[in-house]
Each structure stands twice: as C-alpha cells, then as structure tokens.
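Worksheet: one structure, shown below.
No value in this document is a laboratory result; all are computed from the given coordinates. Predicted model only: the values in this text are computed from it and were never measured. Cβ sites come from the backbone with ideal geometry, for glycine too, and all protein chains shown count toward neighbours.
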Number of protein chains: 4
Amino acid sequence: MINIGIVGATGYTGIELLRLLAQRKDVRLSVVTSRELVGTSVAAYFPNLRGRTDLEFSLPENNQLKQCDVVFFATPHAVAMYSIPPLLDAGVKVIDLSADFRIQDVTLWEQWYNTKHACPELIPHAVYGLPEVNREQIKTAELIAVPGCYPTAIQLGFLPLLESDLVDSRRLIADAKSGVSGAGRKAAEDYLLCEATESMKAYSVTAHRHQPEICQGLDRAAGTQIGLTFIPHLAPMVRGILATLYAPVKNEGNVTQEQLQSIFEDRYSNEPFVEVLPVGEFPATRNVKGSNRCEISVTYRDETDTVVVLSAEDNLVKGASGQAIQNMNVMFGLEETAGLEGIALLP
Amino acid sequence: MINIGIVGATGYTGIELLRLLAQRKDVRLSVVTSRELVGTSVAAYFPNLRGRTDLEFSLPENNQLKQCDVVFFATPHAVAMYSIPPLLDAGVKVIDLSADFRIQDVTLWEQWYNTKHACPELIPHAVYGLPEVNREQIKTAELIAVPGCYPTAIQLGFLPLLESDLVDSRRLIADAKSGVSGAGRKAAEDYLLCEATESMKAYSVTAHRHQPEICQGLDRAAGTQIGLTFIPHLAPMVRGILATLYAPVKNEGNVTQEQLQSIFEDRYSNEPFVEVLPVGEFPATRNVKGSNRCEISVTYRDETDTVVVLSAEDNLVKGASGQAIQNMNVMFGLEETAGLEGIALLP
Amino acid sequence: MINIGIVGATGYTGIELLRLLAQRKDVRLSVVTSRELVGTSVAAYFPNLRGRTDLEFSLPENNQLKQCDVVFFATPHAVAMYSIPPLLDAGVKVIDLSADFRIQDVTLWEQWYNTKHACPELIPHAVYGLPEVNREQIKTAELIAVPGCYPTAIQLGFLPLLESDLVDSRRLIADAKSGVSGAGRKAAEDYLLCEATESMKAYSVTAHRHQPEICQGLDRAAGTQIGLTFIPHLAPMVRGILATLYAPVKNEGNVTQEQLQSIFEDRYSNEPFVEVLPVGEFPATRNVKGSNRCEISVTYRDETDTVVVLSAEDNLVKGASGQAIQNMNVMFGLEETAGLEGIALLP
Amino acid sequence: MINIGIVGATGYTGIELLRLLAQRKDVRLSVVTSRELVGTSVAAYFPNLRGRTDLEFSLPENNQLKQCDVVFFATPHAVAMYSIPPLLDAGVKVIDLSADFRIQDVTLWEQWYNTKHACPELIPHAVYGLPEVNREQIKTAELIAVPGCYPTAIQLGFLPLLESDLVDSRRLIADAKSGVSGAGRKAAEDYLLCEATESMKAYSVTAHRHQPEICQGLDRAAGTQIGLTFIPHLAPMVRGILATLYAPVKNEGNVTQEQLQSIFEDRYSNEPFVEVLPVGEFPATRNVKGSNRCEISVTYRDETDTVVVLSAEDNLVKGASGQAIQNMNVMFGLEETAGLEGIALLP
C-alpha cells in the first residue's frame, strides 16, 4: 500500500488526481493539503467525491507529508520548490505537476517565471516525466517534473519527425487549442462562462511560458536547436488540447504518407497511452476526454511538402494528473497502466 | 425601394439574410422560396421573425423572381447555376452565396465539385464579391459570387503580406477554426450537439473545397502561384471563424513589428468592415458575433522570422450573408454600410 | 437629441445599454462612468464597440451627470440610492436598473437586502417600470425602478391569470431557468465556464431576493396576497430566462384551452414586446436572444386542472437594459419601440 | 464469466453500456449487434473504445445471442418485443432498456406508443428494474424493463413523500430538465448543436410518453391514483437530468424540514446509488456526470406549505445503462456496485 500526499489539491489537477486515485485499492490517500480549507471535508468541496473519502484538508506544513511514500504537488509555480527539499531529505518521492523543475537551464527558468529559483541545485536531479522519452530514468527518480499540458501534446506529436530527421526543424509551427480548464480554477474574469464560451481566440501570441519547455524537449530530440512558433488558443470547452503541428520536410519529394505512418506507428508501438490513428482517421479531443490517452495522426501534404501532425489529449489527464500517476506507477514498479484504464466519456 | 428575392432561404445563411434585410426600410423582401416549405409562413419557420414579415415560402420556379431587382441564392453548390441564366436575361441582378461562380478556372471547379458546370460561359462575367479587392467591379456587376467563409477570413489576413511581397508565399499556413453553423442546417450526425460540443477536431485534413478559391485570390495578390497548407477545424460553438495564419518572412531580419502594423493599417484604413487591431490586442470571434466586421492582428515572431496574422469574423455575416448584402449595397449605389451597422452581441 | 449618462457601465447590463444606445441617432451617450476604469476608452474595454464610440469612462461624481437628460444606473444594489437624490433635484430623469426602488415596502426591502435604505422618502415616487402594467405612470415619472429579470418573465406570465381571477393564487409555482449572464460579470468561481457549463442546478432554493418583488406585482394583479413558490435555476448558457409557471384553476373543469388562449391574447394584443404564441407553439430562449421580446404560451392540463404558462425573454434585454430603454422611450414621448426593433440572433 | 450480448448498440445508451462493461474483468462482451454496421469494428465506430475491444457488429438474428447469459436491448421502442420471446425460451436473461415492458397496463401502452404489443402475455412477467423499489423481484427476474431516464429521477424524488403519505398526491408537479443526449443519436434538426445549444425550452408540454410510467410507479407508492403535471425541458448540455419536484403538504403546518430530511435519509440509507444531501446542499447534474448516482435534496417552503425535491442523475447512467447494469449485478448475484463505482468527471 502506497501512502500518498497531495499538496494544493483544490484546483483542477488536484481534483483529477483525487478522482483517479480514490478509485484504487493499491494506494491510500493519506494527506490532502490546502491552506484555505483546513478542516473542510474533501468530499464537501468536491461533490463528486461524496461517499468516497473521509479525508479533510490539512495544512501543508504538517509532518504527515513526510510519512507519505510519495507527494504530488498540484500548486502554482514557485511554490513547490520551497517545500520539496525537506521531503526529499526525508526519503519521500516527489511528483511535481508545477513548472518548478521542468527547465534544466535555471537562468532560462528564472527569466520566464520572473522569480529566483529556491533550490537550483536540485534541478539536475529532477527527471522530466515524459515516460515516452524518459521511462528508464523515471524508474529510479526521486523527483519528477511532470510535463505541462501543451508540452506533452506537442512533443509527442513532433518527436517521431525530429528523431528521424525528416523535417526542417528551424520552421516548426504548433497551433494549439486548449479547453478552459487549462487556466485552472482561479476566479478570473476571462474564464467566466459568459466570457469564454462561444468564442475562439489566441492568447500569449508573442510568447507563452510553455515555449522553453517545449523547445528543450524538441532540441534534445533533434540534436540541434530547433525553431518553433507556438500559438496557444482558448477553445470554448472544458477539457482537451488539440495541437495542430506543421513541419516542412527536409528533402522535398522524398517523403511519402506510408513512410510517415510507419515512423509514427513504430515510434509508439509499445506505448500504452499513445495511439497512432490509421491513415484517414483523425483525433478529436472528445475521444480522449477523461482518459490518459494521446491520439495522434500524421498527414503528408505533398503540394506544399508539409507534414501535418494532429495530437489530442485531455489536458487534465495525459496533460497533467494522469501522466503524474503514470510516473508514480513507473517509479514504484506498478503496472504502468494501473488506475489509468478508464475509457473516455463519450458523449 | 429595392425588391429582393431569396432562393433557398431555409438554411443559416438564408435566415441571416432575412434577419439583416427584414430590419431595413429601403428594401422590400418580395419572394422567399423553398421547395419543401411552399405555403408555410416564413415567421413560423424562423421564430425570430414572428411579427416581422408576412411572407410565405413559394416555389423557386415562380415568375415573381424575375420581377425582383436582385435575387440572392442561398442554395447548396450546383443549384444556382441552373436558375441564374434566365434571371440575368430578365435583367435581374444576382448575388450567389454558393460556390458556383467563385472559381474562374472551370476545369478546377468541376474537379473539386465533381460536377459539370451548367453555364461555364457565365463564369468570366461573375465578379468575386470581396469588396476589399473588387469594389469597382462590384459596382457594375450583374452576377456576384460571394466568397466562402474561410476564404474571406484567410484572404483578408494574407492580402497585405502578399501585396507587399514581404513573405515567402510558397510556405503559407492557414489554421482555421470554425463554428458549427458553417456546416449548415442539415441534420447530419456529426453536427448534433452531443457530437460537436466540448470537442475540437480538424477535418478535411488532406484537402478542403475552399482551397482553390483561397489560392485563386492569394495567387492574384502575390502575382505568382502561392503554396498554402490550409487545415480547417471544427470548434464547439455556433458562430465565428478564427484563422491563424503563418508566413515566413522573405528577408529574415529585415522586417519589424512596426512596419507590419503600418502595412496592415494602411491597407485597410478606408475599409468600413475590416478593423486592424492596435499592437497588443488580438481578435476573438465573440467580438464580431452578429456583426459584419473582420478583426485582424499582425504579430512578428522574430525568433523564427514568422509573421502570425489572426483574422476573426462571423462566418454567417462577413463570411456569408452580411458580405452578400455589402455587395448589394455597392451594386445599387447605397451606403455600403446600410443595414450592416449592428453591433456584435456581447456576451 | 437626448443626452444620456450611464453609471456603472462595466457589467453586462451596462454593455447591453451601450450596444442598444450606440446605434441610435436620436440620443447621445454623453457620460459613462466607472470608478475603476477612469480614463479608459469604452471601446477598448468592450471590443464590440470599437469604432462606435469615442467615450472614455469617467468618475461617477462628475458634474457631467447633472447635465444629462436621463441617467441610467447599472450598479449593484445599494449604490444608486446614494447618487440619485441630487440628480433628481437637478431635474435629471433617472432609470435605475438596480433593486433600490423596486420594493414599495421599505421595511421589506431593508430586510431582504440587509441594508438601511438611504432615501426611503423617494420610494413612493419611484414608478415600477413594467410598461405592460404601468405605462401611464411611466410617461410622467422622474424615477423608474426597472424590474428584475425573473420578475419580468414571471409577472408577464402570471398577470392574465390573476387579473382574470381564474386560478387559486395561494398555490402558484414559478420554476425559472436563467442563463449565467444573470449573475453579472463578477469573477466568482461559480460562474467560471468550467463550473457552470454542462450542468443544471437550482440555487437560492430556500429564498431568492426577487421573491418580494414578484409577490408585490402579483398581489396587486390578484387584489389579494398570493402564495408563490419560486425556484430559480442556473442553466448552462449565456443569455435567456425561461419561466415555467404552474397554477391550479379555481373552479375545476370550468376552464378551457381556448378561453385561456383568448385571455392571454387579449391581455397583450397591444403590447409591442409581448408575443402570445399560437396554440401548439412554445417559447425557446433562443428565439428572443438579443431582442426585447417576451414570448408566452399558455397550456391547460385538464387531467390535473393546472395551467402551465411558459415565458421566455432575454434577461439582459427585456429583463434589464431593453426594458430600461423602453421606459426611456415612454418617458420622453418617443416611439416606444425605438432602438428596440433588433431581431433575435438565430442561430 | 458472464457472457453478454447487446442489441442495437449504436446509440448513446449502447455506447454507455460498452464503456461501463468493457472495463470489467468478470464479464465478457460476446455479441454486439447492429443491422447497419454489420462487419464494422466496434472500436472504429466508437473511438473511445480503440484498443479496448476486438468486437465487430453482427446481425441481431445471429444465433450467438442465444448463447449469451444475458442480452441487453438498447433499441427504440417496439423493437425488443419481437426478439425477446425466443431468447427467454432459450433461457437467456433479458434486460430491456426500451419502453416495451415498462407499462403493466397493455392498453395504456398501446395507446401511448400507438402500436399493438407483440407479446402482451410477457408483460406481467417483466420486472420493473428500479432496484430501490423492486430489488427482491429483480434477483429472480428473467426479463427486466429498465426504467426511463425521467421516471428514475422523478420516482426516486417523490417516493419518500408518497410512501409516508405526507403530501396531497393529486397536485404533484415535476419540472424536469434534460440534456440533449436523452434524445438519442438520431440525426434530427432539433438536436443539432446550432439548434439546441444556448437555449432552454419545454417540449411535450401537453403530454410526454414517460407520463404513464411515472404515474404507474407513483400510484403504487401512494396506494392511490395520483395527479401529476410533468413538463420536460431541453437543456443546452449533453448529459444529466435535474428534476424539480413540487408537492403541497397534506396537513399544512404539521411538517418540518427536519422531519422531511429524516424521512429521505431513512428511505435511502442502504441504497448505494442514492445520496440524500445534507440540509443546505443541493444537487447539480455535473456532480453525477458519468456516475451511477442520483443526488436528492428535500426542502420545505413553509410560506406555501410546499415541499421542493431536487433530484439529479446522469440520464445515460442511472437513467439508463448504469441502472441496467445494476440490475444485471443483482440478477446474477454479483456485488450490486460492481463496475459502477466510477467517480463523476468534474469538471
């Protein structure tokens, strides 16, 4: 029985961790913290958990966290980095869903997040928790930096192209559409139903904080510094990210649809949570709603020598809490798919 | 008083024509046809028109059409081309919202629409009704081919870049997101609320029928054959198209944000329905819902030497019926903005 | 030319006043106030007004308000009552969209709003702005209390039944469903898209602040104290209220569908903004979206001797800003429908 | 291992059966039929099942159905009644999600469904599958008539009141709001996203086919013929029913909130899928989305001596497929909650 703590469980990634973990028999939710809600019953705050847990929110300082086997941080950025060192010292494994340990270049991180990092010495020890790339390192990691939602969908889509050196990596484009839950549960005007429904818009058009994280992963896959134009969009829905990726092929005319399809199928043939769709089928976010799957299609547009990859995930599951649990499963030697086999809710 | 006929008024572009025209004092809705609904009151079918019109649907064969000053066709493709010649012969001006006369190359049209064209001899006389390009020709036109919804948003976004020869026109990308009303009012499973809501997907990923129309316009603006990867997406909302356009600059490092902004502002400074947003503001489809405006922003991403243009319109207004009426206003020497000044419904 | 001021124009009733008034030639928007946004351009804040107005938000203390012919208050409750007296003294007509002057019994008002009223002596002079009841008094009023959104839909639905003394007025039920815009534009968690979409719930189940206002109007129509169970619900949409009203008939078996239909049609035959639907047709909020109309149907369920009335309006138009302007038109001797003839946006 | 057949699995109750059953280890999906899709892979048709099942759709005539232990019918009404008799003869248990065996009075059934019943002699043997009422009979049943979605929510809400004889059962009102999935997956104009989103309306205002089924259950609970005004509404969402129920108390002034709360809590204290909420908390359909729970609150409005019950369920789970599986669990002596413990997806 694995004892689990969750710090900052009142947002959407927190509730999703709780939904996925509360159904399991092989782990125990031991501590769920929230400064604002100390003493409140978790089930009163998240009505979908009524009758499923007796837990109450407690203070994050609580020594109970040190008695957990693993602690998830579902906090905003620049919070976890203060609390993680003592937990690691106490031998607790940490899975951080925030951005604090995703970027290996601390100067870059400090620039994008406009904050001094509290424990730069830990960054090299953090493993970037994308199992499709780092499964072996995850097995022995003490500290996991769970990838962001956009970075997961975009990296999984571009990886096969870059690893096979088929495309001009200086001219990558990622046009991503996200549901509103990606903005979290904060009461901000922009995410009111009356502001966000029935509309499409781009945001962070000049620069988005996920850019350096995506580039770090793609640079590594390409073995060189890539060039990426990443434009995120807000779509009028709750869950889901659809990333439409564009890359010009390197040697025009030397690529075929069949070749691309094989490259993608081969790359992910052993991956339980990445599904390469057959030629002629394309992803939709509804097909993965509530599930830990990422669906990918690859299409060659020969009239412009451009590869178009479509990548769909549930931003709260494969893009956050499901992937965090996938990491936990790997770290503790459990079946990687344990507790993540739920089928998408459709319709 | 201009007498107006509408053929095929039971779809969403039809109802939108009726909404916009029924409020005007300077035109009269004389004939509204529908084979299926002959004898039905228009207001019973479109409850938002209760008390606004006494018209009944009549047969399209009806001779009444010949007594109109102008007839709008809001029919599926390959319908209007059979009915238009006798109307033109009778001296009636025709504004065709369908695809029948949009493509000047009849072979290309027949290929994409998989149909023999019924009156290819008329095609050269049809004026492509994008007032921002063809205002002068529209003034004296007898037959207008109203641009498609995607082509309007995409052309308006790319035109300033191509006309100023700033970008590599062989590598254009148009990632467009459309509301479901673009699919019309047909009872097809894909557009059921339970199928289309709370999801994003791409469609027509290998090729979409609006591609040749867009290319025809962009070729002309560029003075050369451009290369375009156009990927349409279905967004979970009723109205609106947001086109995110990507173009690599020709001479890397020789372009600035200020220069781009000026080019766009100059291009559209006299256009009543194209609004170039100030630097730092970006379009959202909700800002143009129900209005005839197209909002455009231009952003230079210097790290990849890529221009990103965002273009938002209401697909049923500037992307169809509003633009059709704008054409009518120009053809009849009316104020171009007459009946099109409605402010977007927000929220 | 009527000079208009709007106090507190940053919420949804404010933006709706601006949308409806900015299109008119016979009135001038002179002052729009907001403490938070002083100096900000109105069009920058409400992007649907770009190019339509040069106004900037100013301070509400500003003396400019006294130079207006009429001032609208689109403020939360317990704000207008402090600012209105000096305006009335200066001869300015006031149309208050808030709750401050809706309840004639000041004790009742203070109880429900938990605040001391600032100018109880003005309450008897305030006219309740439901033109279908008080048109004559509105003509000469100096101070209008615009009815709330629920009260408008519910009173218009019950009035014919109570005035004709057909139902047992002690057992009225109003089950009302409102779009989220009824909650205003405040950044509260409950109204986030992720919280409010794809769900139905009731709220204020034990008591809602609109209860005394509705009862005041229904008591008057019935000539006796009525009994009402009013349950408001939050529907996952932006605009619209649908009220489903239930009333047991007084003399069972003595009422017919035809009789009810006639009573309703007669009651509203001269009302420009109340549409009694033919037997067999029923209201939907989409049919009145953006318009000032209230659609009503009446149905007799003889197996339970119960009358079922359905009443639909746009809560921001007939339920707030449209009705406020309708009052202004009546007060200034303008055509009652001026500026309110916009047809509902459908789809 | 229980072998399962599903007839007519292409609608929303069919896909929901598949979602819930495909995750279980103790049952095997053996046959899934569809006339239109013979030979098509189930996972190709329902993309959320990709990788979860190798089944193909087969013909319903297939003898394979007779080799199942239990067959679910997820067909429109008047279909199952032709196929069920031979299956029962072959010893197969049948769980019918359609309306064919819900009404014990065959004359009444034939009247409401406007069809001659194919096997009236079986009706008395069918057990109405509401476990909260008929658990003992379900254990030994051969043929289950699964309750409709509205009848489940409404009966569960009214039962405690009627069984305790507290209310005037001649004046019951059920104002129910349903998501669009209740209409099934048929391509009808009314359920297009553009028609059904962003709107509320009532339908079947004069009479709805679920009326006799609800009355049959309530009559039995009351021990007398009750009077019910049932008005269903279409809400702009996919899943969920919220029923708002009104009943006047019998002896005015003799009922208290505490008493009502106790009656409800006692009635459902042993029910795994009915949750009576604490005083002051109220149901929302989002809290049960994807789960088999029904949430109920009871409120006493003493100023009108009216009890208001709110009852929320997922129409496709507790209102259809989940309840069908709950019946199967009871029939086969499995844990009643097996496969139904999924937590609601929130947000």
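Please name which of B:268, B:176, B:117 has its Cα lying farthest along the dipole of chain B towards the positive end, using unit charges on Cβ (Lys, Arg +1; Asp, Glu -1) and the Cα centre as origin.
Result: B:117.
At q = 0.05, 0.07, 0.08 Å⁻¹, what log₁₀ I(q)/I(0) does the protein assembly as shown have when each alpha carbon counts as one equal point scatterer in the Debye sum?
Log10 I(q)/I(0), no solvent term: -0.38, -0.79, -1.05.
Quick query: amide H of residue A:294 versus all other amide H atoms, modeled in the peptide plane; which residues come in under 5 Å with a sequence gap of 5 or more or a different chain?
Hits under the 5 Å cutoff: A:274, A:275.
Among A:166, A:345, which comes first, then next, by fewest other beta-carbon atoms within 10 Å? List each step's numbers first, then the result.
Working: A:166 19, A:345 26.
Lowest count first: A:166, A:345.
Size of the stretch B:255-320 along its principal axes in angstrom, Cα-based, largest extent first?
Sorted largest first, the three principal extents are 36, 23, 18 Å.
What residue among D:253, D:322, D:148 has the largest mean-square fluctuation in a Gaussian network model of chain D, using Cα springs under 10 Å?
D:253
For peptide B:221-233, how many partner chain Cβ atoms fall within 10 Å of a residue's Cβ, on average?
On the way: counts 0, 0, 0, 0, 0, 1, 5, 4, 11, 2, 8, 0, 8.
Mean inter-chain Cβ contacts per residue within 10 Å come to 3.
So what are the stretch B:149-315's ellipsoid semi-axes, whole angstrom, largest first, if each one is the square root of 5 times an eigenvalue of the alpha-carbon gyration tensor?
Three semi-axes, in Å: 28, 18, 14.
Mind pulling the per residue volume of the convex hull built on the Cα atoms of the stretch A:117-212? Å³ is fine. Intermediate results must be reported in sequence, preceding the final value.
On the way: hull volume 15.9 nm³, N = 96.
Dividing the Cα hull volume of the stretch A:117-212 by its residues yields 166 Å³.
Could you state the principal axis extents of the C-alpha atoms in the stretch C:22-140, from the largest down, to the nearest angstrom?
Extents along the principal axes, in whole Å: 45, 32, 27.
When N counts the residues of the stretch D:1-52, how does its alpha-carbon radius of gyration compare numerically with 2.2 N^0.38 Å, as a ratio?
Output field value: 1.05.
Using the membrane-span-like helix rule (whole DSSP H runs, Cα extent along the own axis of at least 20 Å, mean Kyte-Doolittle hydropathy at least 0.5), which helices of chain B qualify? Show your work: numbers first, answer last.
Details: long enough: B:149-163 (21 Å, 0.95).
Span-like helices in chain B: B:149-163.
Residue of B with Cβ nearest the axis relating B to A, plus distance in whole Å?
For the rotation taking chain B to chain A, the closest Cβ gives B:175, 2.
Treat the count of other C-beta atoms within 10 Å as a stand-in for reagent exposure and order B:256, C:244 from fewest to most.
Numbers: B:256 11, C:244 27.
Listing B:256, C:244 from fewest to most nearby Cβ atoms yields B:256, C:244.
In Å, the Kirkwood hydrodynamic radius of the stretch B:99-164 over pairs of distinct alpha carbons?
After inverting the pairwise mean of 1/r, the radius is 12.9 Å.
Rg and Dmax in Å for chain A, alpha carbons only: what are they?
19.8, 65
Ratio of the stretch A:176-217's C-alpha Rg to 2.2 N^0.38 Å, to two decimals?
1.35
Placing +1 at every Lys and Arg Cβ and -1 at every Asp and Glu Cβ, with all other atoms neutral, what dipole size does chain D have around its Cα centre, in debye to the nearest 20? Don't skip to the answer; put the middle values down first.
Working: 29 positive and 42 negative charges, 192 e Å.
The dipole magnitude comes to about 920 debye.
Mind checking the mean number of beta-carbon atoms from other chains within 10 Å of the Cβ atoms in B:306-314? Provide the component values of the computation, followed by the final result.
On the way: counts 6, 1, 7, 0, 6, 0, 4, 0, 1.
Average per residue, whole number: 3.
So what is the relative contact order for chain B, in percent, with contacts set as C-alpha pairs under 8 Å and at least six apart? Write out the running numbers ahead of the final one.
Numbers: 740 pairs, mean separation 57.6, N = 347.
Dividing the mean separation by the residue count of chain B yields 17 percent.
Once amide H atoms are built 1.01 Å from N in the peptide plane, which residues 5 or more positions from residue B:78, or in another chain, come under 5 Å H to H?
Counting only residues 5 or more places away or on other chains, the set is B:99, B:100.
So for the stretch A:298-347, taking the charge dipole from beta-carbon charges (+1 Lys/Arg, -1 Asp/Glu), which of A:344, A:315, A:332 sits furthest toward the positive end?
So the residue we want is A:332.
Quick check: net charge around residue B:38, other residues with Cβ under 12 Å of its Cβ, Lys/Arg +1 and Asp/Glu -1?
With Lys, Arg at +1 and Asp, Glu at -1, the net is -2.
Given the -39500 (n - 2.57) contribution per DSSP H run of 4+ residues, what per-residue ellipticity at 222 nm results for chain B, rounded to the nearest 500 deg cm²/dmol?
Details: 10 runs with 94 residues, N = 347.
One gets -8000 deg cm²/dmol as the mean residue ellipticity at 222 nm.
Quick one: label points 7 angstrom along Cα→Cβ at residue A:206, distances to the other copies in nm, smallest first?
The projected label point of residue A:206 is separated from its counterparts by 4.3, 5.1, 6.3 nm.
Roughly how many Å is it from the Cα centre of the stretch C:99-152 to that of the stretch A:134-209, as a whole number?
When both Cα centres are located, 52 Å separates them.
Counting only DSSP beta bridges with both residues in chain D, what percent are antiparallel, rounded to the nearest 5?
Values: 26 of 57 bridges.
Of the beta bridges lying entirely in chain D, close to 45 percent run antiparallel.
Inter-copy label distances at residue C:279, 7 Å along the Cα→beta-carbon direction, one decimal in nm, shortest first?
Output for residue C:279: 4.8, 6.3, 6.9 nm, nearest copy listed first.
Compute the separation of the alpha-carbon centres of the stretch B:292-347 and the stretch D:37-62 and state it in Å as a whole number.
45 Å
List the distances, in nm and shortest first, from the label point of residue D:121 to the matching label points in every other copy, placing each point 7 Å from Cα along the Cα-to-Cβ direction.
Here the equivalent label points are 7.5, 8.8, 9.0 nm apart from this one.
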